[in-house]
Amino acid sequence: MTIRYVSSRHKTQRFVFLLFSETVVARREPDPTRRNARAHTAILEATRNLIGNIGYDRMSIEGIAAAAGVGKQTIYRWWPSKAAVVLDAWAPEVQQHLTFPNTRDLAADLKTELKSASDLSNDPDFGPSFRALVAESQHDQTLATQLLERIFWPRVAAAKERLRAAQADGQLAAAIDLDLAVDLLYGAFYYRYLLRAAPLTHEHAEAVVDAVLTGIGSRKRPTNAGF
């Protein structure tokens with residue numbers, strides 16, 4: 001039997017070589033998390049760009065994939081439909097524009113919020129495409145649930161929170177049905193937005209708030225009103 005001895009110098013050299021090789025290999029391996037994040041961002045950016053360039057109706061999953069530089073299956077791994085991609089593309093925009101202020105002036109704050117909603121809805125890219133999402137949700141229960149949970153219900157909750165603050169400040173009657181109040185405030189807005197029955201203007205937003213607060217406000221009737 002032959003026993004071979006390896007010098008400590010050779011051991012050290014071999015260890016350094018292996019360590020260096022493993023480091024190089026590790027650096028060459030792609031980071032799937034970063035790759036996925038880049039692809040996700042590219043898809044949403046491509047979606048917004050295509051909406052602006054060709055419109056929602058003419059846009060397709062294939063077109064989004066080509067514009068984003070990804071495979072079609074990459075999109076389907078994260079989203080079940082074109083509408084779902086568009087919802088993800090616009091959700092941050094909605095949250096940014098529809099934040100309720102609280103200046104302790106209820107009428108002014110409601111007018112500011114409704115004007116912001118009108119401005120966003122009048123955007124030539126956002127307005128038609130989001131209207132199309134609402135239309136598709138009438139026969140797509142998953143999309144309808146997503147719209148309710150991510151867009152509409154949070155906005156209703158924010159509106160009711162602002163109205164509760166007004167009740168605490170004495171600007172709104174304590175007995176008011178807040179769900180009905182929100183229906184009154186937004187009913188006129190969605191009537192014009194979804195049906196395109198009339199333009200959404202700042203003047204309309206102010207008139208709606210004035211009319212609603214006159215009807216549900218805490219003003220006391222004159223004692224000599226006769227009724």
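Values in this text are rule-based calculations from the coordinates and carry no lab data. If you're wondering where the values come from, they're calculated on a predicted model, not measured in any experiment. Heads up, the Cβs are rebuilt from the backbone with ideal geometry, glycines too, and the neighbour counts pull from every protein chain shown.
What FRET efficiency comes out for residue 48 versus residue 160 if R0 is 25 angstrom and r is the Cβ-Cβ distance? Round to the nearest 0.05.
0.25
With r as the distance between the Cβ atoms of residue 40 and residue 206 and R0 = 45 Å, compute the FRET efficiency 1/(1 + (r/R0)^6) and round to 0.05.
So, using R0 = 45 Å, E works out to roughly 0.70.
For a Förster distance of 25 Å, can you work out the FRET efficiency between the beta-carbons of residue 142 and residue 191, rounded to the nearest 0.05?
Rounded to the nearest 0.05, the efficiency is 0.45.
Taking residue 82 as the anchor, which aspartates and glutamates have their alpha carbon closer than 16 Å to its alpha carbon, excluding any fewer than eight residues away along the same chain?
Once the sequence-local aspartates and glutamates are set aside, what remains near residue 82 is 45, 57, 62, 125, 136, 140.
Give the cross-link partners of residue 111 among the aspartates and glutamates, using a straight C-alpha distance below 17 Å as the criterion and excluding same-chain residues fewer than 8 apart.
The reachable aspartates and glutamates, counting only those whose Cα sits under 17 Å from residue 111, are 119, 161, 183, 203, 206, 210.
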